[in-house]
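J.: My questions all concern the structure below.
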Amino acid sequence: ITIEGESNISNKIHNLLNETEERVYLSCSYLYLSEFQEELMKLEQQGKKVVIITDQPATFRNAKVYLGESRGMQVGVIADSKYVLTGEYGEGSMNTCLYSGQKNFVELYKTALANEIKLLSIREENKD
């Protein structure tokens, strides 16, 4: 499903976060991270796994935050390993995202995100 428009994408991300049962992975610019902070903190308080990949340091009490390259207008969400939303979001972007619960696509996106996390972890280890 293609989701177009900044408010439609924002609503979909808020809904995905609010409906998360076990875990969520969110990849976005620090600029847009604050928009979803309330839901992310609620998930943390409920003991759900929260993993964030962003481009500037962010502090969350119980979330794992990975610092990566500039996210630009790219956004990605995986909720409960069942649903994926990925695409462009934010001011000045096309504001078009793909939303899918299709198992093959979810697995493909999970693998891509897992590889990015591995690279960021290796990069962090090598800083020392």
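The values are calculated or read from the model by the stated rules, or taken from the named source; none is laboratory data. Since this is a predicted model, take the numbers as computed values, not measurements. Cβ atoms come from the backbone with ideal geometry, glycine included; neighbour counts cover every protein chain shown. Just so you know, the surface numbers come from the protein's heavy atoms only, side chains and all, with ligands and any DNA or RNA stripped out. Shrake-Rupley method; radii C 1.70, N 1.55, O 1.52, S 1.80 Å.
J.: Report Rg(Cα)/(2.2 N^0.38 Å) for the chain, keeping two decimals. Spell out each step's value before the answer.
T.: Numbers: Rg = 13.8 Å, N = 128, 2.2 N^0.38 = 13.9 Å.
Ratio of Rg to 2.2 N^0.38 Å for the chain: 0.99.
J.: Next question. Any idea of the accessible area per residue across the range 52-128, 1.4 Å probe, to the nearest Å²?
T.: Details: 4670 Å² over 77 residues.
With the other protein chains kept in place, the range 52-128 gives 61 Å² per residue.
J.: Counting DSSP beta bridges in the chain, what percent are antiparallel, to the nearest 5?
T.: About 65 percent, rounded to the nearest 5.
J.: Could you identify which residue out of Ser93, Ser29, Ser81 has the top mean-square fluctuation in a GNM of the chain using Cα springs shorter than 10 Å?
T.: Ser93
J.: Another one. For the range 75-128, what log10 I(q)/I(0) values come out of the Debye formula at q = 0.12, 0.22, 0.24, 0.25 1/Å, with one point per alpha carbon and no solvent?
T.: Values, matching the q order: -0.36, -0.82, -0.88, -0.91.
J.: Using a Gaussian network model on the chain with a 10 Å cutoff between Cα atoms, which of Ile78, Ile117, Ile53 fluctuates the most?
T.: So, out of Ile78, Ile117, Ile53, the one fluctuating most is Ile117.
J.: Okay, next question. Quick check: net charge around Lys48, other residues with Cβ under 15 Å of its Cβ, Lys/Arg +1 and Asp/Glu -1? Show your work: numbers first, answer last.
T.: Details: positive: Arg23, Lys42, Lys49, Arg61, Lys64, Lys82; negative: Glu19, Glu21, Glu22, Glu38, Glu39, Glu44, Asp80.
Result for the neighbourhood of Lys48: -1.
J.: How big is the C-alpha Rg of the range 18-77 next to the rule-of-thumb value 2.2 N^0.38 Å, as a ratio?
T.: On the way: Rg = 10.6 Å, N = 60, 2.2 N^0.38 = 10.4 Å.
Taking N as the residue count of the range 18-77, the ratio is 1.02.
J.: Using a 1.4 angstrom probe on heavy atoms only, work out the carbon and sulfur share of the accessible area of the range 1-104 in %.
T.: Solvent-exposed carbon and sulfur of the range 1-104 make up 44 percent of the total.
J.: Given Lys49/Lys127; Lys49/Lys110; Lys48/Lys127; Lys42/Lys103; Lys49/Lys82, which pairs have Cα atoms separated by over 19 Å? Can you show the working numbers first?
T.: Values: Lys49/Lys127 26 Å; Lys49/Lys110 15 Å; Lys48/Lys127 29 Å; Lys42/Lys103 27 Å; Lys49/Lys82 15 Å.
Table pairs above 19 Å Cα-Cα are Lys49/Lys127; Lys48/Lys127; Lys42/Lys103.
J.: At most 16 other Cβ atoms within 10 Å and a DSSP loop assignment: could you name the chymotrypsin sites (Phe, Trp or Tyr not before Pro) in the range 80-120 that fit? Before the final figure, lay out each step's value.
T.: Numbers: sites: Tyr83, Tyr89, Tyr99, Phe105, Tyr109; in loops: Tyr89.
Qualifying residues, ordered by number: none.
J.: Moving on to the next point. Hey, what did the chain get for relative contact order, percent, Cα under 8 Å, at least 6 apart? Mind dumping the intermediate values first?
T.: Values: 222 pairs, mean separation 33.2, N = 128.
RCO, the chain: 26 percent.
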